[in-house]
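Okay, so here's the structure we're looking at.
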Amino acid sequence: MPKMPKGMPAKGGPGGMPGGRPKANFKVLGRVVKMLFRYYPKMVPVAIVCILFSSITATIPALFLERVTNTINLCYQNGTPWSVAKGEILPQVFLLIGLYLLSLAAVFLQTQIMAIMTQGFLGKMRKTMFDGMQNLPIRYFDTHKHGDIMSYYTNDIDTLRELVSQVFPTLIRAGVIVVSVFFIMLYFSIWLTLILCVGVVAMILVSKKLGGGSALHFIKLQNSVGKEEGYVQEMMNGQKVVKVFCHEDAAQQGFDTINEELCKNAGKAHAYANMMGPIIMNIGNILYVIVAIVGCLFLVNGIPNASIGAIFGRNTMVTISIIVAFLSMTKQFTGNINQVAQMINSVAMASAGAGRIFALIDEKPEVDDGYVTLVNAKIDPEGNITETEEHTGVWAWKHPHSADGTITYTRLMGDVRMTDVDFSYVESKPVLHDVSVFAEPGQKVAFVGATGAGKTTITNLINRFYDIADGKIRYDGININKIKKSDLRRSLGLVLQDTNLFTGTVMENIRYGKLDATDEECMEAARLAGADDFIRRLPKGYDTELTSNGANLSQGQRQLISIARAAVADPPVMILDEATSSIDTRTEAIVQRGMDALMKGRTVFVIAHRLSTVRNSDVIMVLDHGRIIERGNHEKLIAEKGTYYRLYTGAFELE
């Protein structure tokens, strides 16, 4: 991974990245629902039907309780014996048991479907995120903390798990029960229902006040978690630097600051959340008492009752059976409203998490409007180039011309030319000024200069990690903007100062440069790079497992494997960015022989601070503040006694 270019501060992106203002965005929840229906067009409706059935079944006991209570009361008043009364009551009991058994089956089916759907949905989301991330430009990773990006795949995804598996089913179920119970209550008594509605208004006001504060702090909490993960990852990666400079106290202080912010946001979020439940529950309890008192007053004083049921011939008076049923429904009604209120916290967190996830998914991918591709080729005795499927070791640029529909082939030679190039990472802060570089096939071109002079930037532009602001870069006479980026990069070998080894065997890490390479090709590349000797001395040789970026190897050994990876790719153009800076002098002599063999017949760009490694370069270019101030071979530049002479002789004086 290239280092963050100078002048490019880490910044926050939308959806809760550091630097962004926390803001709830509930529109993303609708997007989650749409994606669920798109991924599972059959399972989602089945799950919803199961939830609806079990929810409606949950409202039946109120009707059953009213009818049974009324039947018992009438039997008592009329002196009806139990043997007769049970004939009316037992069928209702059996019907209720049957409905509950069906509801149990529906709940079981729903939970199984939701489990499958939730994990499948999260898997698809992670795949979508990772696939999209592979297409993002290098600029994105240079300007965003890697730990915060990792937080997308852990904390933010976990909020979606809770949203899909718990929040959505709970909201649907609670909503259906509240609506169903509300109409049943209207059927029994409009007056008692109105009393309940007054209490519900109080619940809504409390939920709005506390839920709004809770949501805001939960969103801040989600951002703080990502910030802390980013900081912890930085400290883990730089632990040796922290210790060698005795920076433990400062690192601890930095962590404490971020952790204190996290604790503060978490405390406020959960304080609001923990207050909401008891307050709403107690409002529900007060409503329960009020409904009981008012119902009894209606019953004792014989106050006429108003209900929708009266339209269908129900008794217009409040009865004991209505009061009993109504009290049961009051508990059910307020309990489900409390559940909905409790979900506000989860919805807020899911909103923040989904917003961050969609911000990553919606990041604009790397633009690639190139149409010139790299193909295997054959060359006949007359010099004509033809495309072939077999691997011939000869490559050509396939250049279709839209004007007349013809296709021309240009042999890949490695001729790279930059003409009058200007570039800046951040507007108004130019990095390169009017840079021209000409590298003919087989030439070794070296860039030297102080840190920040623009050496690595030039190689970033050749790879099209960034696009130039002005000027031209041509590869074998073709403007690189016309070449597909994947084909352009396939023709370039890159060895960076910072090595990146992946979890796997040594052989697999070398093969990373060419996935279809044979074991023998990988071993030959290792021999060429001077890595074969130490690899064979490893516990399992080429089958030795590497973990944590090859932590069980020395820095020099990691670099040798990195060079072998570039060698097995066999590219016509090599870019060596301080490739031997981590290797000791004795090992460097071994590697240099391999590098010379590797560079033979290739166009090579070398960036080096150790000037002894660039003496045999065909062209040495000295950069200063983004400009080429000297160019020539070693002897010419020494004779001029300019900047290169001072750098070179100064290096020897230091030695």
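The values are calculated or read from the model by the stated rules, or taken from the named source; none is laboratory data. Here the structure is a predicted model, which is why all the values come from computation and not from measurement. With ideal geometry, Cβ positions are generated from the backbone for all residues, glycine too; neighbour counts draw on all protein chains shown.
Please go through segment 368-388 and pick out each residue that is within 37 Å of the chain's Cα centre (by Cα) and not polar (S, T, N, Q).
Those that are within 37 Å of the chain's Cα centre (by Cα) and not polar (S, T, N, Q): 368, 369, 370, 371, 372, 374, 375.
Out of 461, 488, which single residue is crowded, with 22+ Cβ neighbours inside 10 Å, assigned to a helix (DSSP H, G or I) and in contact with a helix residue (DSSP H, G or I) (Cβ under 7 Å, 6 or more places away or on another chain)? Don't jump to the end; show me each part of the working.
Values: 461 fails: in contact with a helix residue (DSSP H, G or I) (Cβ under 7 Å, 6 or more places away or on another chain).
Unique residue meeting the criteria: 488.
Within segment 225-271, work out how many residues are at pLDDT 80 or above and small (Gly, Ala, Ser).
5
Would segment 495-509 turn up any residue that is at pLDDT 90 or above and out of contact with any strand residue (DSSP E or B) (no Cβ under 8 Å at 6 or more places or on another chain)?
Yes, segment 495-509 contains a residue that is at pLDDT 90 or above and out of contact with any strand residue (DSSP E or B) (no Cβ under 8 Å at 6 or more places or on another chain).
Can you find, within segment 85-138, the residue that is modelled with the lowest pLDDT among those that are more than 30 Å from residue 356 (Cβ to Cβ) and surrounded by fewer than 12 Cβ atoms within 10 Å (Cβ to Cβ)?
Here the residue is 87.
State yes or no: is residue 58 at pLDDT below 90, in contact with a helix residue (DSSP H, G or I) (Cβ under 7 Å, 6 or more places away or on another chain) and assigned by TED's automatic domain parsing to the domain that holds residue 327?
yes
Look at residue 324 and say whether it is assigned to a helix (DSSP H, G or I), surrounded by 15 or more Cβ atoms within 10 Å (Cβ to Cβ) and either in contact with a Gly (Cβ under 8 Å, 6 or more places away or on another chain) or at positive phi (or both).
Details: assigned to a helix (DSSP H, G or I): yes; surrounded by 15 or more Cβ atoms within 10 Å (Cβ to Cβ): yes; either in contact with a Gly (Cβ under 8 Å, 6 or more places away or on another chain) or at positive phi (or both): no.
Judged against the criteria, residue 324 is not a match.
Can you name every residue in segment 403-428 that is without any contact (Cβ under 8 Å) to a residue 24 or more places away in the chain and either on the phi > 0 side of the Ramachandran plot or not aliphatic (A, V, I, L, M) (or both)?
404, 405, 406, 408, 427, 428
Mind counting the residues in segment 375-386 that are farther than 16 Å from residue 572 by Cα and surrounded by 13 or more Cβ atoms within 10 Å (Cβ to Cβ)? It would help to see each step written out before you state the result.
Our first condition is that a residue be farther than 16 Å from residue 572 by Cα; within segment 375-386, this holds for 378-386.
In the following step, the residues that additionally are surrounded by 13 or more Cβ atoms within 10 Å (Cβ to Cβ) were identified as 378-379, 385.
Of the residues in that region, 3 qualify.
Somewhere in segment 365-378, is a residue within 30 Å of residue 161 (Cα to Cα) and not hydroxyl-bearing (Ser, Thr, Tyr)?
Yes, the conditions are met somewhere in segment 365-378.
Which condition number does residue 467 fail, the rest of (1) under 23 Å from residue 436 (Cα atoms); (2) buried (at least 18 other Cβ atoms within 10 Å of the Cβ) being met?
Residue 467 satisfies all of (1) under 23 Å from residue 436 (Cα atoms); (2) buried (at least 18 other Cβ atoms within 10 Å of the Cβ) except (2).
Residues being among the β-branched types (Val, Ile, Thr) and more than 30 Å from residue 195 (Cα to Cα): count how many of those fall in segment 331-385.
8
Keeping to segment 614-642, report how many residues are in contact (Cβ under 8 Å) with a residue 60 or more places away in the chain and either assigned to a strand (DSSP E or B) or among the hydroxyl-bearing types (Ser, Thr, Tyr) (or both).
Residues in segment 614-642 being in contact (Cβ under 8 Å) with a residue 60 or more places away in the chain and either assigned to a strand (DSSP E or B) or among the hydroxyl-bearing types (Ser, Thr, Tyr) (or both): 9 in total.
Restricting attention to segment 329-349, does a residue exist that is hydroxyl-bearing (Ser, Thr, Tyr) and not in a helix (DSSP H, G or I)?
no
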